[in-house]
1. Take the alpha carbon atoms of region 72-156, find their radius of gyration, then divide it by 2.2 N^0.38 Å using N residues; give the quotient.
2. Considering only the other residues whose Cβ falls under 10 Å of the Cβ of L77, what net charge follows from Lys and Arg at +1 and Asp and Glu at -1?
3. So which aspartates and glutamates pass the test for K82, namely a Cα distance under 14 Å, with those fewer than 8 places away in the same chain ruled out?
4. Give the residue list of trypsin sites (Lys or Arg not before Pro) in region 69-128 that are DSSP loop and have at most 15 other beta-carbon atoms within 10 angstrom.
5. Determine the distance separating the Cα centre of region 41-56 from the Cα centre of region 99-158; give it in Å without decimals.
6. For region 9-62, give the magnitude of the charge dipole about the Cα centre (Cβ charges: +1 Lys/Arg, -1 Asp/Glu; no others), in debye to the nearest 20.
7. Quickly estimate the mean residue ellipticity at 222 nm for the chain, helices only: each DSSP H run with n ≥ 4 gives -39500 (n - 2.57), and the total goes over all residues, rounded to 500.
8. Add +1 for every Lys or Arg and -1 for every Asp or Glu among the other residues with Cβ under 14 Å from the Cβ of R119, and state the total.
Amino acid sequence: KEVPPQIPFLHLVLAAQMVGSDVRRAVEVLGRSGYVVGDTGWLSRRLHHARNWLTGYAPDVFKFKVREELPAEVVELSGEQKKLLAILAERFRDCEWRAEGIHNLIHEHGKRLGLSPARSFQAIYLALLGKKSGPRAGWFITSLDRAFVVQRFLEASV
């Protein structure tokens with residue numbers, strides 16, 4: 001019998017919010033973070049459990065929706081936060097699309113601009129979610145389509 005992949009439940013919660021019940025898309029999203037899912041039946045069940053947890057038990061801090069359009073909340077971004085998003089958009093075009101590296105780029109460039117880690121990550125969440133906080137940024141960003149992230153950060157940086 002095939003052993004199911006060891007995917008943290010919160011990663012499944014993130015994937016469930018991004019793809020709903022579309023198992024094919026979930027395999028793609030999880031694959032961007034290095035998880036290989038062979039048993040789609042197992043994944044379908046786990047996504048179902050994640051959605052149940054979200055609707056019945058999860059605190060609001062775990063709930064989010066990637067905005068299809070640029071969130072109006074980006075007006076809250078400071079000049080330095082906009083610069084950070086512009087720099088990250090350029091770096092994200094051709095960097096290795098791995099959670100740890102993305103996380104480090106955010107820290108590195110935020111620090112160079114004099115931003116605290118909290119303000120650096122807040123810029124990410126405002127641009128993508130319209131909220132000041134969200135899921136772990138590196139994993140979250142790599143779960144998204146690279147071209148979408150680059151375009152969104154460029155739009156938010158203007």
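1. That ratio works out to 0.94.
2. Cβ neighbours under 10 Å give a net charge of 0.
3. Partners within reach: E73, E90, E155.
4. Loop-located and lightly packed - R93, R98.
5. So the separation of the two Cα centres works out to 27 Å.
6. 80 debye
7. Result for the chain: -18500 deg cm²/dmol, rounded to the nearest 500.
8. +3
Laboratory data are not the source of any read-out in this text; all were calculated from the coordinates shown. Quick caveat: nothing in here was measured; it's all calculated off a predicted structure. Positions of Cβ are backbone-derived with ideal geometry, glycine not excepted, and every protein chain shown enters the neighbour counts.
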